[in-house]
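Visitor: Sharing a structure with you now.
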Amino acid sequence: MHENNEYNIKEERKNSKERIVTYEECRKNHAASIGKYAVDGCCEFMPSGDEGTAAALRCAACGCHRNFHKKVVRQIESFRHGFSKP
Ligand SMILES: [Zn+2]
């Protein structure tokens, strides 16, 4: 009989998935009033203020609300094998 109860207990959380949310190109139609489609060309949302303030939801580059920007959610898994290929 082995009395080997001293396993190495790893307290690292294997399944912790990190969600990273980024906002990419602005898709607000600036020409909607004339029946056309034209975006402002902003390709990445940059908050114009600190997080938690109203300014954080406004793009510093184009001035549009963050909702107009394409939301991209990435899940990063902390595996040792690396990331899955796209
Ligand atoms: Zn914009």
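Throughout, read-outs are computed from the coordinates displayed, never taken from laboratory work. If you're wondering where the values come from, they're calculated on a predicted model, not measured in any experiment. So basically every Cβ, Gly included, is an ideal-geometry build from the backbone, and we count neighbours across all protein chains shown.
Visitor: Between His65 and Cys43, what is the spin-label point distance in nm, taking each point 7 Å from the Cα along the Cα→C-beta axis?
Guide: Distance between label points: 2.7 nm.
Visitor: If you don't mind, there's one more thing I want to ask. Calculate one ³J(HN,Hα) per residue across segment 51-60 by plugging θ = phi - 60° into the Karplus curve 6.51 cos²θ - 1.76 cosθ + 1.60, and present them in order as whole Hz with x for glycine and proline.
Guide: Each residue's phi maps through the Karplus curve to give 5, x, 9, 5, 5, 5, 9, 10, 6, 6 Hz.
Visitor: Can you give the net charge of the other residues whose Cβ lies under 14 Å from the Cβ of Asn67, counting K and R as +1 and D and E as -1?
Guide: Details: positive: Arg27, Lys28, Arg58, Arg66, Lys70, Lys71; negative: Glu24, Glu25.
Taking every other residue near Asn67 into account, the sum is +4.
Visitor: Label points 7 Å out from Cα along the Cβ direction at Glu51 and His30: separation in nm?
Guide: Spacing of the two 7 Å Cα→Cβ label points: 2.9 nm.
Visitor: Rounded, prolate or oblate: which fits segment 25-77, taking a ≥ b ≥ c as square roots of the Cα gyration tensor eigenvalues, rounded meaning a/c under 1.5, else prolate when a/b beats b/c? Display every interim value, and only then the final one.
Guide: Numbers: a/c = 2.76, a/b = 1.49, b/c = 1.86.
Because a/c hits 1.5 or more and a/b fails to exceed b/c, segment 25-77 counts as oblate.
Visitor: While we're looking at this one, here's another question. Name the long-range amide H neighbours of Arg27: under 5 Å, sequence gap of 5 or more, or other chain; modelled H, no Pro or chain starts.
Guide: Residues meeting the amide H criterion: His69, Lys70.
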